[in-house]
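Heads up: the structure comes next, in structure tokens.
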Amino acid sequence: MTTPTSRPEPKRLFIKTYGCQMNVYDSERMRDVLRPLGYQPVDGPETADLVVLNTCHIREKATEKVYSELGQIKKMKEASGGKMTIAVAGCVAQAEGAEIMRRQPAVDLVLGPQAYHKLPEMVARASRAAGDRLETEFETLEKFDALPKQREADGPAAFLSVQEGCDKFCTFCVVPYTRGAELSRPVDDIVIEARSLAAQGVRDISLLGQNVNAWHGAAPKLEGGGEWGLGQLARHLSKIGGIDRIRYTTSHPRDMDDDLIAAHGEVPELMPFLHLPVQSGSDRILKAMNRGHTAEHYLDIMRRMRDARPDMALASDFIVGFPGESDQDFEDTMNLVREVGYAIAYSFKYSPRPGTPAADMFGHVPEEVKDERLQQLQTLLKQQQTEFNASKVGETLPVLVTGKGKMPGQAHGRSPWMQAVHFDAPESLVGQIVDVKIVGSTMSSLTGEYAHVVEAA
Ligand code: SAM
Ligand code: SF4
């Protein structure tokens, strides 16, 4: 089930502790939270990759000692070619903050005692800024690691990877540490690959990324010029002959900009189906998750999406039993689900990932409570999924024929909302978009009767 990521040379960590027992305890905690990022303690600062001075503010003299120590460490940083990261933690950091950076510019990070849970994030960011990539000991759970690699088209629907990495640092998630910073693939590369897929008969393209709607790219030579976001990219890709359907996954509510929402109203090729994970319906929990959005912000996006494209259906991810989640917080999630009405959703019990800030939070929810909440949530989501599929019965839908069925004369395909559709049709129709009258539904698929091929626009 789990596969450890490759384990390179460990990084060297030196923590110097000043002052009281509390600081000794905090230094231990810092060692613990940095271990999953590959940091091993060493005895001196000379060759360390990361030096932390965990300071004490009790006397003026103690503060001056810190500045004098920083002067020495700065020389070591210079000798390392700038590779060393210097962090100042503890009470001096709390009291003097920006002043430390001003007096000693070699310092990369300053964090007060309330911010230790943010240390992995801050170190990962500093290491990215130095052009380095942290190699971590985080295990990669396969289900969270499903970004397929680019491949030859092997059917009329294909993935196209446009974005990797994550800068969001949700407190439960290992991705920002394992996948590195958000990175957008250049427009020209994407267009070349999309054209090549179209030439191979691909008609339904799913643009992929951990935070796909954070994608942006300079397109000076293309129409409109300047910097594009995902909406503009979709407009451009929709003009490639043969590409009839464009999707993108997975999106983050923080990156859902006006232009992308507007594009859904303008570009018929942009499919009316959006996977927009919300994780929780409680603002308190969303804050603790560091999601950077509220439930209302999410609901507002949903409403604007449905204004732009009334047949828009939503998918989401949920986590139940995040540390501190009360019955009321969980009820807020259930209410949000009732308000949105999902076409499909993925829900997980919170699972602590050592080294992520949430793993160290108070208020871990007992396993049996998580089980109970997950069951309740999944019952509601399954009901909504079943109802969504049933709502299509009696309609005639354009279905992309993706392959032949198990028995001769059977085919299967995909609706605009990613529903699997089974119907009788000749194999020669694979790769075509055909009208199918929907006559039956279950929670996971639709059955229909083939009517005729839809003329290309
Ligand atoms: N970037 C996407 C986003 O923000 O929604 C999704 C990426 S994540 C790899 C896929 C899903 O795994 C998340 O949306 C979340 O619901 C779930 N997940 C991640 N870490 C988890 C954890 N520690 N425990 C339970 N579920 C987790
Ligand atoms: Fe990034 Fe998504 Fe993980 Fe949040 S859940 S840190 S947005 S990958």
Taking amide H positions as placed 1.01 Å from N in the peptide plane, with prolines and chain starts having none, which residues 5 or more places from Gly440, or on another chain, fall under 5 Å of its amide H?
Thr447
Test item: Cα-centred dipole of the chain, Lys/Arg +1 and Asp/Glu -1 on Cβ, debye:
860
Looking at segment 183-335, send over the antiparallel percent of its DSSP beta bridges, to the nearest 5.
25
Given a Förster distance of 51 Å, report the FRET efficiency between Ser391 and Gln21 from their Cβ-Cβ distance, rounded to the nearest 0.05.
0.20
Per residue of segment 332-349, in order, report the coupling 6.51 cos²θ - 1.76 cosθ + 1.60 (Karplus, θ = phi - 60°) as ³J(HN,Hα) in whole Hz, putting x for Gly and Pro.
4, 5, 4, 5, 5, 4, 4, 5, 6, x, 8, 7, 6, 7, 10, 10, 10, 7
A convex hull over the alpha carbons of segment 195-243 yields, per residue, a volume in Å³ of 81
Each residue of segment 220-237 in turn: what ³J(HN,Hα) in whole Hz from Karplus with 6.51, -1.76, 1.60 and θ = phi - 60°, glycine and Pro shown as x?
x, 8, 9, 4, x, x, x, 9, 9, x, 5, x, 5, 4, 5, 4, 5, 5
Neighbours of Met271 by Cβ distance under 13 Å: Lys/Arg at +1, Asp/Glu at -1, summed charge +1
Rh by Kirkwood over Cα pairs, then Stokes-Einstein D for segment 367-414 at 1.567 mPa s and 4 °C, µm²/s
94
From the alpha carbon gyration tensor of segment 249-336, can you work out the equivalent ellipsoid semi-axes (sqrt of 5 times each eigenvalue) and give them in Å, largest to smallest?
26, 12, 10
Quick one: length gained pulling Glu227 to Arg254 fully straight, 0.36 nm per residue minus the C-alpha distance?
7.9 nm
Normalised convex hull volume, the chain, alpha-carbon set, Å³ per residue
169
Using only alpha carbon pairs under 8 Å that are at least six residues apart, calculate the relative contact order of segment 311-441 and give it in whole percent.
22
Mean separation of Cα contacts under 8 Å, 6 or more apart, over the residue count of the chain: relative contact order %
10
Charge tally in the Cβ shell below 9 Å around Lys349, where Lys, Arg are +1 and Asp, Glu are -1, Lys349 excluded
0
Would you calculate the separation in nanometres between label points at Asp43 and Asp188, each defined as 7 Å from the Cα along the Cα-to-beta-carbon direction?
5.5
When only DSSP loop residues count, what GluC sites (Glu not before Pro) in segment 349-457 have their Cβ near at most 11 other Cβ atoms within 10 Å?
Glu455
Lone Cys, the chain, Cβ cut-off 4.7 Å -> Cys20, Cys56, Cys91, Cys166
The simple spin-label model distance between His364 and Ser68, using points 7 Å out along Cα→Cβ, in nm, is 4.4
Please give, to one decimal in nm, the separation of the simple spin-label points placed at Thr379 and Ala218, each 7 Å out from Cα toward the Cβ.
5.6
Which residues' amide hydrogens lie under 5 Å from the amide hydrogen of Val421, considering only partners 5 or more residues apart or on another chain, with H built in the peptide plane?
Gly413, Arg414, Ser415, Leu446
Counting only other residues whose beta carbon sits under 14 Å from that of Asp283, what net charge do I get with K and R as +1, D and E as -1?
-3
Which parts of segment 419-443 would a label at Lys406 reach, counting a residue when its backbone N lies under 19 Å from a point 7 Å out along Cα-to-Cβ?
420-427, 440-443
For segment 307-315, what does the Karplus curve 6.51 cos²θ - 1.76 cosθ + 1.60, with θ = phi - 60°, yield as ³J(HN,Hα) per residue in whole Hz, taken in order and with x for Gly and Pro?
5, 5, 8, x, 8, 4, 10, 10, 10
Treat every Asp and Glu Cβ in segment 21-82 as -1 and every Lys and Arg Cβ as +1, leave all other atoms uncharged, and give the resulting dipole magnitude about the Cα centre to the nearest 20 debye.
100
Using only alpha carbon positions, build the gyration tensor of segment 391-439, then give the equivalent ellipsoid semi-axes as the square roots of 5 times its eigenvalues, largest first, whole angstrom.
17, 11, 9
Selection of trypsin sites (Lys or Arg not before Pro), segment 370-443, meeting DSSP coil and at most 15 other Cβ within 10 Å:
Lys406
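Where a number appears in this text, it was derived from the coordinates with a stated rule and is not lab data. Small disclaimer: the values here were computed from a predicted structure and weren't measured. Virtual Cβ from ideal backbone geometry, glycine too; neighbours counted across all protein chains shown.
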